[in-house]
1. In whole percent, how big is the carbon plus sulfur part of the accessible area of the chain, probe 1.4 Å, protein atoms only?
2. Given contacts defined as C-alpha pairs under 8 Å and at least six residues apart, what's the relative contact order of the chain, whole-number percent?
3. Between Arg21 and Lys89, take the C-beta separation as r, use R0 = 35 Å, and let me know the FRET efficiency to the nearest 0.05.
4. With labels modelled as points extended 7 Å from the Cα through the Cβ direction, what inter-label distance (nm, one decimal) is found for Leu98 paired with Ala28?
5. Check every DSSP H run in the chain and write down those whose alpha carbon atoms cover 27 angstrom or more along the long axis and whose mean Kyte-Doolittle hydropathy is -1.0 or greater.
6. Applying a 10 Å radius around every beta-carbon, put 22-28, 48-54, 62-68, 87-93 in order of their mean neighbour count, most first.
7. Could you provide, to the nearest whole Å², the per residue accessible area of the chain with probe 1.4 Å?
8. Please report Rg over Rh for the chain, where both radii come from the alpha carbon positions and Rh follows the Kirkwood definition.
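The values are calculated or read from the model by the stated rules, or taken from the named source; none is laboratory data. All values derive from a computational prediction rather than experimental measurement. Because the Cβ atoms are built from the backbone with ideal geometry, glycine has one as well, and the counts that use them run over all protein chains shown. The area values use the complete protein model at the heavy-atom level, side chains included, leaving out ligands, DNA and RNA. Shrake-Rupley method; radii C 1.70, N 1.55, O 1.52, S 1.80 Å.
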Amino acid sequence: EQYFFVGNHVTSWLITQACDRINSVGSASVKSISKECPKTYAKWNLCSGEKMMQDSNFSAALHYFKSGISFLGKNQWRKHSKLCSVLHKNAMTVAFALGKN
């Protein structure tokens with residue numbers, strides 16, 4: 001499964017803006033809307049985090065990766081193993097770059 005790897009600057013900006021709005025509401029509020037919304041929002045956060053990594057904005061990238069993880073919920077590894085793996089790996093990478101444990 002391939003995720004939204006964004007090459008267009010405007011598209012990247014729009015996804016990041018959407019993530020900022022959705023993340024401000026929080027994953028608990030969004031999970032009741034639809035079963036697919038949390039996975040979609042996790043993917044959007046992954047894209048935003050990867051964009052921030054490219055821009056060397058590791059603090060913002062970590063925020064997006066952690067937000068993406070929060071949307072996947074308790075059974076994240078069973079239901080969304082590949083997406084979960086990428087989010088956790090990227091979060092670990094940027095946390096290391098920031099000197100966080």
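1. Exposed carbon and sulfur together represent 55 percent of the surface.
2. Values: 100 pairs, mean separation 25.1, N = 101.
For the chain, the relative contact order is 25 percent.
3. Details: r = 26 Å, r/R0 = 0.74.
Working from the Cβ atoms, E equals 0.85.
4. 2.2
5. Details: long enough: none.
Long hydrophobic helices here: none detected.
6. Descending packing order for the listed peptides: 62-68, 48-54, 87-93, 22-28.
7. Numbers: 6170 Å² over 101 residues.
Per residue, the chain has 61 Å² of solvent-accessible surface.
8. Details: Rg = 12.7 Å, Rh = 13.4 Å.
Rg divided by Rh gives 0.95.
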